Every structure is written in structure tokens, then in C-alpha cells.
Amino acid sequence: MSNLLLIALNTLKITFRKKSFFVLLLMPIAMVILAIFVNGNVSKGNIKIGVYNKENSYITKDMVANIDKNEKFKVIVFKDEKELKNKISEGKLTCGFIIPNDFSSKLCKGKMENIDILSLKGEDSTIWIKNYLNYYIDNLVDINKISKGNKEIFIKVYNEYKRKNIKLEVNKVKDEISGKNITTQSTGFLVLFMLMGASSISALILADKRRRTYSRIITAPVNAKKYLASNALASLFIMAIQCLIVVISMDKIFKVKTYMPNYQLFILLMCFGLVATGFGMLIVAFSETTYQASNLSTLLITPTCMLSGCFWPMSIMPDVFKKLSNAFPQRWLIKAIETVQSEQNFKSGIKYIFVLLLFALVFFLISAFKFKSKNNSTKFI
């Protein structure tokens, strides 16, 4: 046991000397700031909505005007569809929608469909405008049924509907969207750096093999299993520091409400820490050179994080990518956090923790088998 701790401490000492280590340690905080900035518009209640009105009729103009009256929304009308989409992709609009040129004709035929909302921020940031539009359009459909397709009667009933005194009871509710989005996005960025850090630390095994240090260590009273375990211990310690920094900074510095106790979030992150450690071992086990290990980690980490919804909401991704994301452990961590947040019960996330631990076990078993079958240090350059 003492030998295992000594090797782990030596690994940490080598890691702390690297300038890149402090980048991996501090970058998650920068990502928390980025997540807060990205979700700033939603938390302030200033939802910027872009509209391209193709039909430009009396009904569609009035619909846009009614949306603009809502203090929650700020409507910007565009004369070009491409410009609207560019503003959304640049992040200058929370969302946008296009009113088709057959809006009124479909309405008269009773075939009205709900208008699609364009956004990069996911359904959480567009639910207000989506519900508002659906409610408004449903009322138009009902008015059309009463008027039986007669345009004059429709306009008359519609104007009466607008003049009708509607009593509204307004209650202020707490905005939970922003805190949850910041937590999810911060976790996504942290996952990226955890995987990078684990791969970087595990790469020290390759350096030891290249310098023949590994051969000398396993001839001493330390076998290969203890050597690999010490490396994993060092990796877990560094990831625990990363997780603590992110959790404490969100709570104490940035005052982000995560909708779960800090210790629960830390436990979920550390479960993924085991996965990241196993992943780092797996990269090393299947690499013949340090160059190959670096390329393999780069090839696997970023694409899988993107497909798992670490950088943006899964709601904007095609269905095929949503199904594919379940093959990656990052997705299961995000599912665990979202489930615990919504149900306010840590037990609801246990099934996801089990999946994460299963990923970690598989990674460790495969890497251990590979190390056992390939115990040759002469190939490492």
C-alpha cells in the first residue's frame, strides 16, 4: 500500500510541474463564466425574438404586434429569412420563427399547424413563446370554425375577441431555467477537461515505458497492477480537485442555483471521474506510441462530448444523434443531473450512476486485459 501511494504522489508531483496542468485546473471556471454569459438573456427575462413574416397580412401583423406587447418578449421583425437565421446562429437572438405565406389559407381550411421555433438554446429557452403562439393559433382556429370560412365574419369575430375584457391573474414564479442550464453546460465543459486530464495523466505510463522506467519499477516489489492503480489514484485526485473547484465556484462565487445539494452534484461528477480514469487507461492500453495516444484521445473526446449534448441542448440535434448519444457515458452523466434536478430526489439518479459505474468497470477490465496481453515496452518511442 505504501508503494502504491508513493508512486501516486510521484505522478502528482510530475503532473503539478507541467504548465498545462493549471490550464486544465482553471479552465472549468472559465467555462462556468461562459455558461452564465450564454444563459444571461433568459435569466434577465429579456427574450429577443426574431420574426420573418412572409404573408404580411392583417392577422399575421396583429399576431406579431400582440407578441411584442408582452413585456417578457422583445420582437425584432426581419425582411429576409437568411438574415434571421444568421442572427440566431450568431447568438444575437434567443429564438425566431417564420410565418409562412399560406398562413391565412391554411387557417381558412382548418389545417393550421403550429409554427416551428428556431433556436440554438434548446426548448427551455423557447417554451414561453412556443406556448404563447400555440394558444394564439388555437384561438384563431376556433374563430375560423365559428365563421365557417367567411373572411368578413372571421375579421368581425376576431376584432370582438381582441376587444373582450379578459381578466388575468398574474403570479410571479422563480426562474429555474437559467440555473439548470448553467449547471448542465458547466458540467459538459468540465467533462471535456476531465477526459483530457485523465488521458494526459495516463500518458505518463507511456513516457515511463519509453524511458524504460516502467520496466525497472515492475522488477521492484511493485507489480504492474499496483503501478496502474497508483496512476488511477493520482488521476482521480486531480479530477476531485476539478470537481470541487467547479461546484464551489458555482455556489459561492457565481451564486448559481443548481437545484441539488453540492455533495450530490460532487458525487455524480466523481462517478464520471471513474469513467474518465478508465478511459485514460483504455487510450494508453491501445496505443503503441505517445503520438498515437495523443491522436486517439483527440479523435474520441471532442466528438463524443459534442454528440452527448455537453456543449448544447440535445433538443436541437437530429433523432439519430439523440439515439447515438446513449452509447457515450457523458450523456448518462447529464441525464443523471437533469433527472435529480427535476425530481429533487437523488434516488432518481441512481440508475444513471449504475450505468456510469458499468462504463468505468468495462473500461478498466478491457485496459487491464490489454496491458496483460501486451507487456512490451520496446515499442514505445
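Throughout, read-outs are computed from the coordinates displayed, never taken from laboratory work. On a predicted model such as this, the values are computed, not experimentally measured, just so you know. Here the Cβ is made from the backbone with ideal geometry for all residues, glycine too, and neighbour counts use every protein chain on show.
Brief remarks on what is shown
- Residues 161, 352, 58, 132, sorted so that the one with the fewest Cβ neighbours within 10 Å comes first: 58, 161, 132, 352
- Net charge dipole size for the stretch 46-163 [Lys, Arg +1 and Asp, Glu -1 on Cβ; Debye, nearest 20]: 200 debye
- Linear extension gain, residue 136 paired with residue 57, 0.36 nm per residue minus alpha-carbon span: 26.9 nm
- Net charge of the neighbourhood of residue 56, taken over other residues with C-beta under 15 Å away and scored Lys/Arg +1, Asp/Glu -1, is -2.
- Among 315-324, 61-70, 233-242, 279-288, the order from most to least packed when residues are scored by Cβ within 10 Å on average: 279-288, 233-242, 61-70, 315-324
- One decimal place: the segment residue 372-residue 244 gains 42.6 nm when fully extended, by the rule 0.36 nm per residue minus the C-alpha distance.
- Cβ crowding within 10 Å averaged over residues, with 243-250, 181-188, 79-86 ranked highest first: 181-188, 243-250, 79-86
- Summed side-chain charge close to residue 147 - residues other than residue 147 whose Cβ falls under 14 Å, Lys, Arg +1, Asp, Glu -1: +2
- Point-to-point label distance, residue 255-residue 33, nm (Cα→Cβ direction, 7 Å offset): 1.8 nm
- Close amide-amide hydrogen proximity is noted between residue 118 and 96, 97, each under 5 Å apart and 5 or more residues distant or on a separate chain (H modeled in the peptide plane; Pro and chain starts excluded).
- Farthest toward the positive end of the dipole of the stretch 46-163, out of 144, 51, 70, is the Cα of 144, where the dipole comes from beta carbon charges about the Cα centre.
- Summarising the amide proton neighbourhood of residue 76: residues at separation of 5 or more, or on other chains, whose placed amide H is nearer than 5 Å comprise 49, 50, 51.
- Rounded to 5, the percent of DSSP beta bridges in the stretch 46-163 classed as antiparallel: 15 percent
- Violating pairs (Cα-Cα greater than 19 angstrom) within the set 82/130; 69/130; 130/257; 252/347; 92/323; 18/372: 82/130; 130/257; 252/347; 92/323; 18/372
- For the stretch 130-137, 3J(HN,Hα) computed residue by residue from phi via the Karplus equation (6.51, -1.76, 1.60; θ = phi - 60°) reads 5, 5, 5, 5, 4, 5, 5, 5 Hz, glycine and proline entered as x.
- Gyration tensor (alpha-carbon) shape descriptor, the stretch 222-340, a/c threshold 1.5: oblate
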